[in-house]
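Below is one structure, written out as structure tokens; the observations come after it.
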Amino acid sequence: MTERAKLCLMVTMNQTIKKWYVVYTRPRWEKKVNKLFQEKGWGTYCPLNKVEKQWSDRIKIVEEPLFKSYVFIKIPEEEATNVRMVNGVVNFVYWLGRPAVVREAEIHKIKRFLDEYPVVEAHPLHLKKESTVLIQRGAFMDQKAIVKSIRNRKVEVMIESIGFKLVACIDKSNLSVL
């Protein structure tokens, strides 16, 4: 192995892969936790929304977190224990038994969306029986389907195409409500 190859291998081994995670905070601690993360030198993002608040004597525009009790943090996986020790952090948000990882593209979309629209609201996705959904990934991507049942993270949907009714169990994360 050449010296250059050894050097490249050492640099690669020393680089840690950082991913975006979602941290659940104590109520109304989003901005404080975000600041504590920044002080530790971690990549962090707390999406803020401008909201008009009225008091008895005045109206004021304030910045509130878009996602209540959530802060995004970009860290290597081995820093997870240190993140949990930060004052105000309850835990990571989990998906399928592991801390939820958010793609970089999704963080950019949130930032761009907030830059483009002055007033934004975030509502959790609620799937209901008989509602129409759009499948976002897989063999039936971009197909409309009807929710037949909901069990934990799986949703049974009916796909009407080519004159047949196909029923499939699909992960909730692969659906969007129409």
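The values are calculated or read from the model by the stated rules, or taken from the named source; none is laboratory data. In this text, all values refer to a predicted model and were calculated from it rather than measured experimentally. Reconstructed Cβ throughout: ideal geometry from the backbone, glycine too, with neighbour counts over all protein chains shown.
Overview of results
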quantity: Qualifying residue in the stretch 113-124 (condition: part of a helix (DSSP H, G or I), touching a residue at least 12 places away in the same chain (Cβ under 8 Å) and surrounded by 11 or more Cβ atoms within 10 Å (Cβ to Cβ)); calculated: yes
quantity: Candidate set: the stretch 58-88, residues that are in a strand (DSSP E or B) and of a type in the set (A, V, I, L, M, F, W, C); chosen: the one farthest from LYS31 (Cα to Cα); calculated: ILE59
quantity: The stretch 39-57: number of residues that are modelled with pLDDT under 90 and outside any strand (DSSP E or B); calculated: 2
